[in-house]
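Below: one structure, written as structure tokens.
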């Protein structure tokens with residue numbers, strides 16, 4: 001028997017006397033020959049028919065009218081018509097009362113809820129938290145020559161957010177220097193940073209993901225966010241120590257500096273000599289570096305506003321002897 005599909009127009013449920021819904025569905029199944037045919041006719045699943053037969057759920061009022069008319073069944077007495085989700089309010093009330101009893105009458109009282117939560121946290125919750133919930137450990141390196149050089153590196157090619165510190169270096173020209181920086185980080189903080197290659201920009205990112213370490217470095221003077229807008233400068237604990245200043249300047253120039261060859265012709269002859277350049281968009285930092293170099297006998301020339309240069313052969317040699325470099329790229333260019 002093929003009745004086709006029909007859509008019901010109302011979602012109201014019919015509440016019948018006990019046993020009457022089962023009898024009505026049994027008669028409808030008999031007229032349809034089987035549950036599958038009846039389910040197809042009403043556009044519901046066979047399981048829904050069985051649930052109505054067991055009186056697990058109330059049958060839609062429109063379904064009773066439809067079956068009574070199409071199958072010539074006696075129309076049962078409907079005690080009450082319920083809305084589709086009549087049980088929600090009743091269930092919500094029971095659930096709320098159960099929660100209220102379970103939580104000791106703290107529903108609606110923020111202070112009591114917080115007190116109960118703290119009690120649970122101390123007794124059970126803290127012990128159940130996974131290891132990833134806790135801050136990752138690191139060693140709090142004390143002020144030293146190595147830490148001062150790391151600060152120079154981070155102020156040069158580094159950037160810090162609330163959770164990460166990232167040092168950006170060229171993936172080819174600074175590859176050897178990247179390995180030096182990774183070893184320095186391991187030595188200072190007893191952690192291994194991740195190194196990510198970004199082919200679109202030809203760089204390697206050396207990333208430290210430690211909220212605690214970021215906060216510690218910030219306390220020591222390393223800025224979080226845009227360094228230039230904050231007019232960042234070398235921290236005082238470095239400026240007040242001669243050896244720390246040398247190490248910090250080495251880190252700055254190894255990242256934001258360059259050694260290059262200047263070539264020109266005069267009277268038909270070709271001349272070439274080395275120059276050293278350090279660039280920074282932060283005026284306080286440039287002034288501090290310039291003053292330190294001048295106090296140690298360097299002739300420093302400002303170029304293009306953000307560029308400090310040492311241009312004499314003697315000046316370059318003095319720099320390599322006094323400050324030096326850990327960047328193989330600079331050392332190779334100087335040697336050539």
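Computed from Cα positions, the angle between helix 242-256 and the longest principal axis of the chain comes to roughly 70 degrees. Measuring from a point 7 Å past the Cα of residue 281 along Cα-to-C-beta, which residues in the range 292-315 have an amide N at less than 12 Å? Of the residues in the range 292-315, 306 have backbone N under 12 Å from the label point off residue 281. The Kirkwood radius of the range 145-252, taken over pairs of alpha-carbon atoms, gives through the Stokes-Einstein law at 10 °C and 1.306 mPa s a diffusion coefficient of 113 µm² s⁻¹.
Å³ per residue of the Cα convex hull, for the range 13-84?
Working: hull volume 5.5 nm³, N = 72.
Spelled out: Cα convex hull of the range 13-84, divided by residues, is 76 Å³.
Residues considered: 241, 43, 215. Largest GNM mean-square fluctuation over the chain, using C-alpha springs under 10 Å, is found at 43.
Ranking request for peptides 22-28, 245-251: highest mean number of other beta-carbon atoms within 10 Å first, then the rest in descending order. Please report the intermediate quantities before stating the final value.
Working: 22-28: 17.9, 245-251: 24.3.
With the highest mean Cβ count within 10 Å placed first, the list reads 245-251, 22-28.
Tell me, rounded to the nearest percent, the portion of alpha carbon pairs in the range 237-336 spaced more than 17 Å apart. Beyond 17 Å sits 50 percent of the P(r) for the range 237-336. Each part gets one Cα centre, and for the range 202-236 versus the range 22-46 those centres are 72 Å apart.
Nearest 10 degrees is fine. How inclined is helix 175-189 to the longest principal axis of the chain, computing both from alpha carbons? With both axes taken from Cα atoms, the answer is about 70 degrees.
With r as the distance between the Cβ atoms of residue 114 and residue 301 and R0 = 41 Å, compute the FRET efficiency 1/(1 + (r/R0)^6) and round to 0.05.
Values: r = 63 Å, r/R0 = 1.55.
The value I calculate is 0.05.
Which whole-number percent of Cα pairs in the chain have a distance greater than 27 Å? Could you put the intermediate results ahead of the total?
Values: 36795 of 56280 pairs.
Everything past 27 Å amounts to 65 percent.
Sorted fewest first by neighbouring Cβ atoms within 10 angstrom, 252, 17 come out as 17, 252.
Expected output is a single nm value to one decimal: the length gained when fully extending between residue 215 and residue 312, i.e. 0.36 nm times separation in residues minus the C-alpha distance. What is it? Provide the component values of the computation, followed by the final result.
Numbers: separation 97, 0.36 × 97 = 34.92 nm, distance 4.13 nm.
Net length gain for the segment: 30.8 nm.
Just so you know, all these numbers are worked out from the coordinates, no wet-lab data involved. No experiment lies behind these values; they were computed from the predicted model shown. As a convention, Cβ positions derive from the backbone with ideal geometry for all residues, glycine included, and neighbour counts pool all protein chains shown.
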